[in-house]
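Taking it in order: structure first as structure tokens, then the write-up.
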Amino acid sequence: MKFILNIIYGMIVGVANIIPGVSGGTMAVILNIYDKLLAAFTGLRKEFKKSFMYLLPIGIGAVVGIFAFSKLLEYLLYNFPLPTFFFFIGLIVGGLPLVFRKALETKFKPVSLIPCVIAFGIMIALAFVNNEGMKESTGVFEMNIGNWLYLFFGSALSAMCMIIPGVSGSMILMILGLYSTVLLSISHLTSNFMNSVMILIPVGLGIVVGIVGGAKLIDVCVKKFPQMTFFAIIGLMVGSLLSIYNNAMLTPVGDTKSIPCSIFSVYNNSGFNIDLQSVIALLALIVGLAISIIFGSEKIKEKFSKKSKNQLVEDK
């Protein structure tokens with residue numbers, strides 16, 4: 001029963017990790033498995049068997065969740081990019097209060113704003129970087145040593161970030177221009193096997209290195225410099241909004257249409273006309289905001305924590 005439950009938990013965390021703005025770490029906190037996950041990753045060397053046996057069902061569930069959900073996300077991004085990206089924006093904005101609460105658990109120090117400003121500046125700079133090698137509309141690009149290393153280090157950074165509650169690993173992939181490439185490679189694994197595998201090999205290696213090697217680093221940062229770490233996360237999250245907004249405005253719809261440069265279309269140069277897609281996008285933003293706030297609330301975490309404790313008692 002416990003093995004199956006951990007598979008289900010892994011599926012939830014896996015699905016969360018491929019939705020930009022949704023933090024797999026946050027979902028792990030809500031499900032009351034975050035501390036155990038972090039301990040298992042950092043304890044792989046000292047207690048390999050125990051850590052591996054705990055991570056195995058969660059890993060299986062995460063892989064199943066990622067592959068099962070990738071097709072749906074591909075469909076939404078391809079046919080409804082504006083509402084989909086605005087839903088992601090809502091998720092990110094709604095997650096900010098959770099990270100703020102984490103940052104202010106200790107007395108505020110003005111010096112903590114420095115990493116926030118630096119992280120924000122990095123995200124803004126990345127939003128204007130044009131990666132010529134990546135073809136985000138198709139998920140296919142020329143595989144060379146430069147792109148291989150970019151996939152590897154980008155995936156490693158994403159994996160490190162997904163360990164932190166409040167930060168979305170897939171959001172980092174999106175900011176780096178890798179999200180669609182990785183997502184489409186997963187969803188087209190059976191139909192375009194060789195190309196997908198060539199992309200997913202450096203991605204998989206980067207994820208392993210990022211999680212195993214980064215877990216200890218993240219653990220140290222959160223324990224020794226919690227406020228500075230979480231303010232840096234806030235800078236990353238706020239700065240990422242520009243990148244995701246740009247993606248929303250520029251991503252083509254299907255094969256023929258394109259998103260206008262604004263969700264508000266000028267009508268006869270005399271006023272603004274809001275089309276149906278724009279209305280849906282704004283509604284999607286509100287829904288994403290509400291979901292993120294609800295799942296980040298203390299009451300929800302307490303509810304899930306009680307359920308988890310009760311389940312453990314039943315298992316015993």
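Numbers below:
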item	result
Calculated FRET efficiency for the pair residue 282/residue 246, C-beta based, R₀ 25 Å, to 0.05	0.90
Candidates per trypsin sites (Lys or Arg not before Pro) in region 29-121, loop by DSSP, up to 15 other Cβ within 10 Å	45, 46, 107
Of 2/102; 2/71; 36/71; 107/224; 109/224; 2/216, pairs whose Cα-Cα distance is over 19 Å	2/102; 2/71; 36/71; 2/216
Centroid-to-centroid separation of region 156-199 and region 43-68 [C-alpha atoms, Å]	19 Å
Candidates per chymotrypsin sites (Phe, Trp or Tyr not before Pro) in region 59-119, loop by DSSP, up to 11 other Cβ within 10 Å	108
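Computed from the coordinates by the stated procedures, all read-outs in this text should not be read as laboratory data. Keep in mind that this is a model prediction, so the values were computed, not measured. Note that we place each Cβ from the backbone using ideal geometry, even for glycine, and neighbour counts take in every protein chain shown.
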